[in-house]
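Novice: First the structure, which I've put down as structure tokens, then a few questions once you've had a look.
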Amino acid sequence: MSRTRTALLAALALVAGASGTALAVVPGDVGIAAVPCTVDYKVQNQWDTGFTTAVTITNNSAAKSSWSLKWSYAGNQKVSNFWNSKISQSGTAVTAANESYNGSLGTGGSVSFGFQGTYSGTNAVPTTFTLDGVTCNVDGGGPTDPGPTDPGTPGTGTRVDNPYTGAKVYVNPEWSANAAAEPGGSRIANQPTGVWLDRVAAINGAGGKMGLRAHLDEALKQKGSGELAVQLVIYDLPGRDCAALASNGEFGPTDIDKYKTQYIDPIAAILADPKYASLRIVTTVELDSLPNLVTNVSPRNTATPNCDTMKSNGNYIKGVGYALNKLGDVPNVYNYVDAGHHGWLGWDDNFSATVQTIKQAATAEGATVNDVHGFITNTANYSALKEPYYTINDSVNGKSVRESKWVDWNRYVDELSYAQAFRQEAVSQGFPSGVGMLIDTSRNGWGGSARPTGPGAKTDVDTYVDGGRIDRRLNTGNWCNQSGAGLGERPKASPAAGIDAYVWIKPPGESDGASSAVPNDEGKGFDRMCDPTYTGNPRNNNHMSGALPNAPLSGHWFSAQFQELMKNAYPAL
């Protein structure tokens, strides 16, 4: 099953939070070939008298060597400064022209720029944009405009290159209600998050919670006549989470047939229902599974007996392969396979080997590499998206930052550089050239008063790195309910080269694991890494765990964590 590449349909329409985000959206459905250009105009931050905006132009017509975008404001907005374009304004009319370095805009290519402005009263989004005199975001001739689509009408089943482009993203009403009930939570309660199918009972709904069909039916309501992506977490492998205990699953190491028939098959049957064919269904497949077969097996000093068992019996490989095959057969499903994070797999002996292991799974049980639409990193983790104050190429007094205790010979210092490199490595090993990456930014903002504002002193390499690093954990191996963490970048499509979206797959406020043993019927154990008194193990270089106290079972609501994440959010709420 091959992945098809199509032109962008509309301006970015990810669900906007209460932070002043505004979106320029295509008016109605339009034929793909008929849209000459699209413009995503998004207000990133807004305050009483000012705002900042990010604009992305996508050219679906002939290639250009220079470009000029024009729009007019309905109010009294004034551009005060700008970057990555030359902006002029006359009255309400604004013109943004390319800089010398970004004038080339090929067919299907995109270019982004930003600016800061002032306003009073309202800050309405412009309704019309023209690129070199041609109106964007509307039918420019070609396929007939089909008009609004009934929410239940099946789609064509043709995959697009990036399921997040031109689409809203499903807001889980159950998570949204929990967030809105928290003091200050209404600021982010309308953000899209992942729906976790972490046991068989979750498929039909358990404990009064919505099942898969209920979520998809709600997604159709939210979709309306536009496009909408739904994010599902496929997470119930036999012997799940072999290197940790907080999220052990219900299936034993040898229960591969139960996994196939009781879990994957029912999910695939629901997703294949023609009723849901108009949705873009994004599946993140078996988090924290395949990387364990690389780093936590013998003869590594981080090996566990459970991971050795899962490597020898092959049921992680078989399970992931089966899931990719069955889910990949549904034309509107987009499979993203877990790729850990830079603080787990960024070392030379882990990086390429992980891609090899994923490819082994992607060619097992009838799956092919074309069943993989992309990869996801940093889910339920805290690795900083970008480290602005040092790079892997820096050195102090003749010592590379790789020699610092924090970096510890890793090849990467942040998640964006790791994800982009992981994508390149996957393509080099035979995955399709169009594969994309997702980065979970639900816990990696690291804002607040402890956030550095510049590089560390160059006294020695450790002082330099520790003084300037955004990630304030004690060690990159710390993963459970981290103290001091904050919400990261809000979900958005196409934020950087090779990145399909920043996402919140692990919903903020849902615990990473219990801080002490809690009897339960969910198959979840107690991992000492969630205990704030734990002094560590080889996987975190024997550091303290850095975990918050009094945490409930993984996936259960943890108000203290939610408040911590909001308090330290970066960008700030």
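The values are calculated or read from the model by the stated rules, or taken from the named source; none is laboratory data. The structure presented is a predicted model; accordingly, all values stated were derived computationally and were not measured. Reconstructed Cβ throughout: ideal geometry from the backbone, glycine too, with neighbour counts over all protein chains shown. Calculation scope for accessible area: heavy atoms of the full protein, side chains included, ligands and nucleic acids excluded. Shrake-Rupley method; radii C 1.70, N 1.55, O 1.52, S 1.80 Å.
Novice: Given the conditions (1) in contact with a Phe, Trp or Tyr (Cβ under 9 Å, 6 or more places away or on another chain); (2) within 22 Å of Ala179 (Cβ to Cβ); (3) buried (at least 22 other Cβ atoms within 10 Å of the Cβ), and given that Gly484 satisfies all but one, which numbered condition is not satisfied?
Specialist: (3)
Novice: Could you tell me how many of the residues in the range 443-499 are over 26 Å from the mean Cα position of the chain (by Cα), in a helix (DSSP H, G or I) and not aliphatic (A, V, I, L, M)?
Specialist: Restricting attention to the range 443-499, the residues satisfying the condition of being over 26 Å from the mean Cα position of the chain (by Cα) are 454-467.
Right, trim to in a helix (DSSP H, G or I) and you get 461-467.
Of the ones still in play, those that are also not aliphatic (A, V, I, L, M) are 462-464, 466-467.
The number of residues fulfilling the criteria is 5.
Novice: I would also like to ask the following. Condition first: outside any strand (DSSP E or B) and either over 14 Å from Phe51 (Cβ atoms) or out of contact with any strand residue (DSSP E or B) (no Cβ under 9 Å at 6 or more places or on another chain) (or both). Now tell me which residues in the range 74-96 satisfy that. Break it down stepwise before answering.
Specialist: Pass one, the range 74-96, residues outside any strand (DSSP E or B): 74-77, 84-85, 91-92.
Ala74, Gly75, Asn84, Ser85, Gly91, Thr92 - these are the residues of the range 74-96 that are outside any strand (DSSP E or B) and either over 14 Å from Phe51 (Cβ atoms) or out of contact with any strand residue (DSSP E or B) (no Cβ under 9 Å at 6 or more places or on another chain) (or both).
Novice: Moving to a separate point now. Step by step: first the residues of the range 202-213, then only those that are among the hydrophobic types (A, V, I, L, M, F, W, C) and open to solvent by less than 40 Å² (accessible area, probe 1.4 Å), then the one that is farthest from Ala272 (Cα to Cα). Which residue is that? It would help to see each step written out before you state the result.
Specialist: Step one: filter the range 202-213 for residues among the hydrophobic types (A, V, I, L, M, F, W, C), giving 202-203, 206, 210, 212.
Checking the rest, the ones that are also open to solvent by less than 40 Å² (accessible area, probe 1.4 Å) come to 202-203, 206, 212.
Details: Ala202: 18, Ile203: 14, Ala206: 22, Leu212: 12 Å.
The residue in question is Ala206.
Novice: Still on this structure, I have one more. Is one or more of the residues making up the range 325-346 closer than 21 Å to Ala201 by Cβ, surrounded by 24 or more Cβ atoms within 10 Å (Cβ to Cβ) and at pLDDT 95 or above? So that I can check it myself, show each step before the final result.
Specialist: Pass one, the range 325-346, residues closer than 21 Å to Ala201 by Cβ: 326-327.
Then drop every residue that is not surrounded by 24 or more Cβ atoms within 10 Å (Cβ to Cβ), which leaves none.
Looking through the range 325-346, none of the residues is closer than 21 Å to Ala201 by Cβ, surrounded by 24 or more Cβ atoms within 10 Å (Cβ to Cβ) and at pLDDT 95 or above.
Novice: Here's a follow-up. Taking the condition of being out of contact with any Lys or Arg (no Cβ under 7 Å at 6 or more places or on another chain) and among the aliphatic types (A, V, I, L, M), how many residues in the range 423-479 meet it?
Specialist: Residues that pass the stated criteria total 7.
Novice: If you scan the range 500-519, which residues turn out to be open to solvent by 10 Å² or more (accessible area, probe 1.4 Å), without any contact (Cβ under 8 Å) to a residue 60 or more places away in the chain and either under 22 Å from Arg187 (Cβ atoms) or not small (Gly, Ala, Ser) (or both)?
Specialist: Scanning the range 500-519 gives Val518, Pro519.
Novice: Please specify each residue of the range 354-405 satisfying the condition of being among the basic types (Lys, Arg) and touching a residue at least 12 places away in the same chain (Cβ under 8 Å).
Specialist: Quick first cut of the range 354-405, residues among the basic types (Lys, Arg) only: 359, 386, 399, 402, 405.
Residues satisfying the conditions are Lys359, Lys386, Lys399, Lys405.
Novice: Let me confirm something: among Pro571, Pro552, which residue is over 23 Å from the mean Cα position of the chain (by Cα), touching a residue at least 12 places away in the same chain (Cβ under 8 Å) and assigned to a loop (DSSP other than H, G, I, E, B)?
Specialist: Numbers: Pro571 fails: over 23 Å from the mean Cα position of the chain (by Cα).
Testing whether each residue is over 23 Å from the mean Cα position of the chain (by Cα), touching a residue at least 12 places away in the same chain (Cβ under 8 Å) and assigned to a loop (DSSP other than H, G, I, E, B) leaves just Pro552.
Novice: Further question on the same structure: Anything in the range 220-243 that is open to solvent by less than 10 Å² (accessible area, probe 1.4 Å) and more than 24 Å from Val503 (Cα to Cα)? List them, or say none.
Specialist: Matches in the range 220-243: Pro238, Cys242.
Novice: Now a separate question. For the range 302-344, enumerate the residues that are part of a strand (DSSP E or B) and either aliphatic (A, V, I, L, M) or on the phi > 0 side of the Ramachandran plot (or both).
Specialist: Taking the range 302-344 and keeping what is part of a strand (DSSP E or B), we get 333-338.
Listed by number, the residues that qualify are Val333, Val337.
Novice: A further question follows. Of everything in the range 518-573, what is of a type in the set (S, T, N, Q) and more than 22 Å from Ala202 (Cβ to Cβ)? Give them in sequence order. Steps first, answer last, please.
Specialist: Taking the range 518-573 first, the residues of a type in the set (S, T, N, Q) are 520, 533, 535, 537, 540-542, 545, 550, 554, 559, 561, 563, 568.
Thr533, Thr535, Asn537, Asn540, Asn541, Asn542, Ser545, Asn550, Ser559, Gln563, Asn568 - these are the residues of the range 518-573 that are of a type in the set (S, T, N, Q) and more than 22 Å from Ala202 (Cβ to Cβ).
Novice: Given the condition under 22 Å from the mean Cα position of the chain (by Cα) and within 30 Å of Val330 (Cα to Cα), answer yes or no: does some residue in the range 381-401 qualify? Outline the logic, then answer.
Specialist: First, the residues of the range 381-401 that are under 22 Å from the mean Cα position of the chain (by Cα): 381-388.
Filter once more, keeping what is within 30 Å of Val330 (Cα to Cα): 381.
Yes, because at least one residue in the range 381-401 is under 22 Å from the mean Cα position of the chain (by Cα) and within 30 Å of Val330 (Cα to Cα).
Novice: So Ile439 ticks every box in (1) closer than 30 Å to Gly509 by Cα; (2) outside any strand (DSSP E or B) but one. Which box is left unticked?
Specialist: In the conditions (1) closer than 30 Å to Gly509 by Cα; (2) outside any strand (DSSP E or B), Ile439 misses (2) alone.
Novice: Another one. Which number in (1) surrounded by fewer than 20 Cβ atoms within 10 Å (Cβ to Cβ); (2) without any contact (Cβ under 8 Å) to a residue 40 or more places away in the chain marks the one condition that Pro495 misses?
Specialist: Of (1) surrounded by fewer than 20 Cβ atoms within 10 Å (Cβ to Cβ); (2) without any contact (Cβ under 8 Å) to a residue 40 or more places away in the chain, only one is false for Pro495: (1).
Novice: Quick one: which of Ser85, Ser61 is touching a residue at least 24 places away in the same chain (Cβ under 8 Å) and more than 17 Å from Val134 (Cα to Cα)? Walk me through how you get there before you give the answer.
Specialist: Working: Ser61 fails: more than 17 Å from Val134 (Cα to Cα).
So the residue among Ser85, Ser61 that is touching a residue at least 24 places away in the same chain (Cβ under 8 Å) and more than 17 Å from Val134 (Cα to Cα) is Ser85.
Novice: Give me the residue from the range 97-127 that is of a type in the set (S, T, N, Q) and closer than 18 Å to Asp48 by Cα and, out of that set, nearest to the chain's Cα centre (by Cα).
Specialist: Here is the first cut: in the range 97-127, the ones of a type in the set (S, T, N, Q) are 98, 100, 102, 104, 107, 110, 112, 116, 118, 120, 122-123, 127.
With the extra rule that they be closer than 18 Å to Asp48 by Cα, the set shrinks to 116, 118, 120, 122-123.
On the way: Gln116: 26, Thr118: 31, Ser120: 34, Thr122: 31, Asn123: 29 Å.
Per the criteria, the residue is Gln116.
Novice: Filter the range 526-573 down to residues that are of a type in the set (S, T, N, Q) and within 29 Å of Pro388 (Cα to Cα) and give me whichever is surrounded by the most Cβ atoms within 10 Å (Cβ to Cβ). So that I can check it myself, show each step before the final result.
Specialist: From the range 526-573, those of a type in the set (S, T, N, Q) are 533, 535, 537, 540-542, 545, 550, 554, 559, 561, 563, 568; that's our starting set.
Filter once more, so that each one left must be within 29 Å of Pro388 (Cα to Cα): 540-542, 545, 561, 563, 568.
On the way: Asn540: 22, Asn541: 14, Asn542: 11, Ser545: 28, Gln561: 24, Gln563: 15, Asn568: 23.
The qualifying residue surrounded by the most Cβ atoms within 10 Å (Cβ to Cβ) is Ser545.
Novice: Go through the residues of the range 509-523 one by one and say whether even a single one is hydrophobic (A, V, I, L, M, F, W, C) and in contact with a helix residue (DSSP H, G or I) (Cβ under 8 Å, 6 or more places away or on another chain). Steps first, answer last, please.
Specialist: Going through the range 509-523, the residues hydrophobic (A, V, I, L, M, F, W, C) turn out to be 514, 517-518.
After this cut, where a residue has to be in contact with a helix residue (DSSP H, G or I) (Cβ under 8 Å, 6 or more places away or on another chain) as well, the list is 514.
The answer is yes; a qualifying residue exists.
Novice: Would you point out the residue of the range 444-454, among those that are touching a residue at least 24 places away in the same chain (Cβ under 8 Å) and out of contact with any Ser or Thr (no Cβ under 9 Å at 6 or more places or on another chain), that is farthest from Thr377 (Cα to Cα)?
Specialist: Among residues in the range 444-454 that are touching a residue at least 24 places away in the same chain (Cβ under 8 Å) and out of contact with any Ser or Thr (no Cβ under 9 Å at 6 or more places or on another chain), the one farthest from Thr377 (Cα to Cα) is Gly454.
Novice: So, one more: Can you tell me which residue is surrounded by the fewest Cβ atoms within 10 Å (Cβ to Cβ) among those in the range 363-419 that are among the basic types (Lys, Arg) and assigned to a loop (DSSP other than H, G, I, E, B)?
Specialist: Taking the range 363-419 and keeping what is among the basic types (Lys, Arg), we get 386, 399, 402, 405, 411.
Filter again for assigned to a loop (DSSP other than H, G, I, E, B), leaving 386, 405, 411.
On the way: Lys386: 15, Lys405: 11, Arg411: 17.
Filtering the range 363-419 for residues that are among the basic types (Lys, Arg) and assigned to a loop (DSSP other than H, G, I, E, B), the one surrounded by the fewest Cβ atoms within 10 Å (Cβ to Cβ) comes out as Lys405.
Novice: Taking Ile358 as meeting all but one of (1) part of a loop (DSSP other than H, G, I, E, B); (2) of a type in the set (A, V, I, L, M, F, W, C); (3) at pLDDT 95 or above, write down the number of the exception.
Specialist: Status for Ile358: all satisfied but (1).
Novice: Please state which of the following conditions Gly194 fails to meet, knowing it meets all the rest: (1) of a type in the set (Gly, Ala, Ser); (2) over 19 Å from the mean Cα position of the chain (by Cα); (3) open to solvent by less than 50 Å² (accessible area, probe 1.4 Å).
Specialist: Only one criterion in (1) of a type in the set (Gly, Ala, Ser); (2) over 19 Å from the mean Cα position of the chain (by Cα); (3) open to solvent by less than 50 Å² (accessible area, probe 1.4 Å) is unmet by Gly194, namely (2).
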